[in-house]
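Enquirer: Structure incoming, see below.
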Amino acid sequence: MTDPAPSRAEIVVDLAAIRHNVRILRDLVQVDDPVQLMVVVKADGYGHGMVEVADAARDAGADWLGVATIDEALALRAAGDRGPLLCWLSAPGDDFSGAVAAGVEVTAYTLEELDEIAAVGGSAHVQIKVDTGLSRGGAPRAEWVSLFAAAAAHEAAGRVRVTGIWSHFVASDEPSHPMNHTQEAAFRDALALAAEAGLDPDVTHLANSAAAILRPSSHFDLVRCGIAAYGLDPAPGETPRLGLRPAMTARARLVTSKPIEAGDGVSYGHTWTAHEDTTVGLVPTGYGDGVPRAAGNTASVWVEDSLRPIRGRVCMDQVVVDLHGELPPPGTEVVLFGPGDLGEPTAQDWAEAVGTISYEIVTRIGGRFVRRFVDREEGTP
Ligand SMILES: *Cc1c(COP(=O)(O)O)cnc(C)c1O
């Protein structure tokens, strides 16, 4: 964290950390079987930068990339990505033809979607998502037989190739949750019905990061890892030490520091009042940049080798932190969160402080933060 920081606030993404994490995940799932690894880069790579993360992931051996929308998939193709790529969330009116022409595999949840994809022609590669209990996207059990039959008919007519069948866990971050077993069993039922219908997909998949790490029985042919590839813990309190390294650091430069006196209130509404003389620093980021407003009086930042609690409310553009009597000069580095090597808070610490998950912290941070990519050798801070 000694790089020059010309920006008032920046997000530094370490692409070496992404590659390191992808290699760990790849090695983890390839222990016994040749399980393929998909790295999920939706939502701008969980806020890390989709295209750059995708490149790093491919370099480190990701077999597949996964995104939510067709637009995200086409942006990867426009950036030059040519490898196996799956998207899984279309909205009514979406145009499947661009995706099919670009060699993107698309997902069907319903008969209507399947027919639309088949109508594109060009032997679209389609994967079928079955709902095994999440009650989100995917075909409900009552429709599996008819959907598989329709898919087999389209395949026999050369209109599509059914390359995958997949589903998604409810609670893979809670390894003892009974739904893990229920869903895995339901998924096996779906695969058996698909085989009866004559489908022979290349890949079947169910596991996200937490299941990839905690539930080998759910690996099937492929695991879809998002959060772990970014170095964050998919199942805090459950995940064994794997040496994953958080790739994102959010930092800013102190605008001013100044003394305040016992009894002075801080920020809107004076939700915090100094009970002794202290000093406070102004950090030029706020909820307009994705710093959670709920971090007021709960999260801390890192300034000059110490944790500095946020005092009072987080504003749209600014945050006030307690400097405990010190007066660091304007321009002093403020780390909101990072890998944690030096003692600075992590995205997981922020998540716990504001009552959310690390996914939301890294995905929402942005706004006026400038993103910068670095490629740090392992072991250097
Ligand atoms: C986002 C997503 C993933 C990745 O989940 P992580 O918990 O981040 O590993 C996998 N599969 C689907 C369908 C997703 O939407």
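Enquirer: Give the separation of the Cα centroids, the range 259-277 to the range 52-119, in Å.
Expert: Centre-to-centre (Cα) distance: 52 Å.
Enquirer: Separation of the range 214-248 and the range 321-365 by C-alpha centroid, Å?
Expert: 22 Å
Enquirer: Compute the length gained on full extension between Glu174 and Leu242: take 0.36 nm times their separation in residues and subtract their Cα-Cα distance, giving the result in nm to one decimal.
Expert: In short, 22.7 nm is gained.
Enquirer: Could you report the chain's accessible area per residue, 1.4 Å probe, as an integer in Å²?
Expert: Per-residue value: 41 Å².
Enquirer: Go through the range 345-377 and name the GluC sites (Glu not before Pro) that are in a DSSP coil and have 16 or fewer other Cβ atoms within 10 Å of their Cβ.
Expert: Answer in residue order: Glu377.
Enquirer: Which of His20, His168, His324 moves most in a GNM of the chain, Cα contacts under 10 Å?
Expert: His324
Enquirer: Another one. Please give the net charge around Met50, taking every other residue with its beta carbon less than 14 angstrom from that of Met50, where Lys and Arg add +1 and Asp and Glu add -1.
Expert: With Lys, Arg at +1 and Asp, Glu at -1, the net is -2.
Enquirer: A further question follows. What does the net charge come to around Met38 if you take all other residues with beta carbon closer than 9 Å to its beta carbon, with K and R at +1 and D and E at -1?
Expert: Every neighbour counted, the sum reads 0.
The values are calculated or read from the model by the stated rules, or taken from the named source; none is laboratory data. Remember, predicted model here, so these are calculated numbers, not experimental data. Because the Cβ atoms are built from the backbone with ideal geometry, glycine has one as well, and the counts that use them run over all protein chains shown. Accessible surface is based on the protein model in full, side chains and every heavy atom, while ligands, DNA and RNA are left aside. Shrake-Rupley method; radii C 1.70, N 1.55, O 1.52, S 1.80 Å.
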